[in-house]
Amino acid sequence: MRKPALALAVGVLALTACGGGSGRLSRDELAARASKICTTQARTIAQIPRGPANAINAAGYLGALLSVYEKAVKQFHQLRPPKDEEATYRAFLRELDRNADILRTLRADAAAQQLKQYVVGQAALHRSRLRLAALQRKLGLTGCSG
């Protein structure tokens, strides 16, 4: 009887000593994992052929980019920031999701050859990227710039 209780106590002690109790990352761990996601995403996106830069040719490129981007966004959603960074990290996740929505709309506009909407979408994407950059700086995610 005593051995199972002792094993349980040792297990709980080991979890709390390693920080495994809450599952939250430290600020440095968050920055390191986020940087790895960003680096992988950037490397993969750099391999996607772009072709001529116009709305008509952008649909295929945006589709491929969106696939990579959505995978990274899912990975970001799985990270648990430190408690004191949670509100800022949630804002970061909302902006990532907004950015994905904008990319989906841009892809659809490009495919439908809706040039005016495509240009409006490009401006919205730019504004979203500026908001993301500010949130990344707040969170110390230096590996995610660009």
Show the residue pairs meeting these rules: Cβ distance below 7 Å; 6+ apart or different chains; first residue within the stretch 38-50 and over 21 Å from LEU79 (Cα atoms); second residue surrounded by 12 or more Cβ atoms within 10 Å (Cβ to Cβ) and β-branched (Val, Ile, Thr).
ILE45/VAL68
Is there a residue in the stretch 23-32 that is assigned to a helix (DSSP H, G or I), at pLDDT below 95 and more than 18 Å from LEU135 (Cα to Cα)?
no
Within the stretch 111-138, how many residues are touching a residue at least 40 places away in the same chain (Cβ under 8 Å), aliphatic (A, V, I, L, M) and within 18 Å of ALA34 (Cα to Cα)?
2
Hey, GLU85 hits all of (1) over 17 Å from LEU25 (Cβ atoms); (2) part of a helix (DSSP H, G or I) but one; which does it fall short on?
(1)
In the stretch 45-80, residue nearest to the chain's Cα centre (by Cα) [restricted to those that are assigned to a helix (DSSP H, G or I), over 23 Å from ASP109 (Cβ atoms) and at pLDDT 95 or above]
PHE76
Look at ALA100 and say whether it is farther than 16 Å from CYS38 by Cα and in a helix (DSSP H, G or I).
no
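The values are calculated or read from the model by the stated rules, or taken from the named source; none is laboratory data. Quick caveat: nothing in here was measured; it's all calculated off a predicted structure. Note that each Cβ is placed from the backbone with ideal geometry, even for glycine, and that neighbours are counted across all protein chains shown.
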